[in-house]
Amino acid sequence: MSHYQIAVVVGSLRKDSFNRKLAYSLVKLAPPEFSFKQVQISDLPLYNQDDDANQAESVKRLKSEVRAAHALLFVTAEYNRSIPGVLKNAIDHASRPYGQNAWAGKPAGVIGASIGAVGTALAQQHLRNVLAYLDVPVLGQPEAFIHAKEGLFDEAGNIGADSKQFLQNWMDQYVAWVKKHVD
């Protein structure tokens, strides 16, 4: 395959989110045949099974964008030792109604940043559990629990010098994972 379209799902709505910054800067480490599109999840209604037969336009858009992608990149915050509700809501919407799971079979990477010393380790583990059930093959190694501290990003918003090699290695492994599952 000569071009790979990646749907990026950022599990934070905050304007100055570390994870949004991480998503923007991380994709700069990918090779040119990879293109990334952040899918919008902020306008999704709360998931209600009663709405499965008449999904909101924002839900239809999300499902269409996920289906159009070759692979997925989840960049998640950690709220109360788990994934943010807005991320779980998006996952539920795009996996329903039963039998119409837009996520299925798409290789994914999971990463996240937090001000806590263990990064987003628990949120990532919970997300991996959910994705496993949804038939999403997730890159297992290397894990990347990013401690959001001074120097993570440089003045231009790129990955800082101290973290660049580690995150470049993560991106290289993610690229290989996607190619293994898509080609």
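When both the range 62-93 and the range 5-19 are represented by their alpha-carbon centers, they are found 9 Å apart. Selection among I115, F145, S95 by position relative to the dipole of the range 79-169 gives S95 as farthest towards the positive end (Cβ unit charges, Cα centre). Across the range 34-41, computed HN-Hα scalar couplings (Karplus, 6.51 cos²θ - 1.76 cosθ + 1.60, θ = phi - 60°) run 9, 10, 10, 10, 6, 8, 7, 10 Hz from first to last residue, x flagging Gly and Pro.
Placing +1 on the Cβ of every Lys and Arg and -1 on the Cβ of every Asp and Glu, with no other charges, gives the range 95-159 a dipole of roughly 340 debye about its Cα centre. Rounded to the nearest 10 degrees, the inclination of helix 57-68 to the longest alpha-carbon principal axis of the chain is 60 degrees. Under 5 Å between amide hydrogens, built in the peptide plane, is the criterion, and for Q38 it picks out V8 among residues at least 5 positions away or on other chains. Peptides 19-26, 154-161, ordered by how many other C-beta atoms sit within 10 Å of their residues on average, highest first, read 19-26, 154-161.
Residue-wise HN-Hα couplings along the range 103-117, as the Karplus relation 6.51 cos²θ - 1.76 cosθ + 1.60 with θ = phi - 60° gives them from phi, are 7, 3, x, 8, x, 9, x, 10, 8, x, 10, 8, 6, x, 4 Hz; Gly and Pro carry x. Take every Cα pair under 8 Å whose residues are at least 6 apart in sequence, average their separation, divide by the length of the range 125-183, and the relative contact order is 26 percent. Which residues does the label zone of D50 cover in the range 95-110, counting backbone N under 19 Å from a point 7 Å along Cα→Cβ? Inside the label zone: 96-98. When you count the other C-beta atoms within 10 angstrom of each residue and take the mean per peptide, 107-114, 30-37 line up highest first as 107-114, 30-37. Computed over the chain, relative contact order equals 24 percent, with contacts defined as Cα pairs under 8 Å that lie 6+ residues apart.
Here's how it looks for G11: its modeled amide H is under 5 Å from those of V75, T76, A77, which are all 5 or more places away or on a different chain. A simple spin-label model places pseudo-atoms 7 Å from Cα toward Cβ; at E57 and M1 they are separated by 3.0 nm. Shown here for the range 65-173: chymotrypsin sites (Phe, Trp or Tyr not before Pro) in loop regions (DSSP other than H, G, I, E, B) with at most 10 other Cβ atoms within 10 Å, namely Y98. Magnitude of the charge dipole for the chain, about its Cα centre and with charges confined to Cβ atoms of Lys, Arg (+1) and Asp, Glu (-1), is about 80 debye. Under 17 Å between C-alpha atoms is the cut-off here; go through the chain and count lysine pairs that meet it, provided they're at least eight residues apart or on different chains. Going through the chain pair by pair, I get 14.
The numbers here are math on the coordinates, done by the rules we state, and not lab data. Computed from a prediction, not measured in an experiment: that's the story for all the values here. Here the Cβ is made from the backbone with ideal geometry for all residues, glycine too, and neighbour counts use every protein chain on show.
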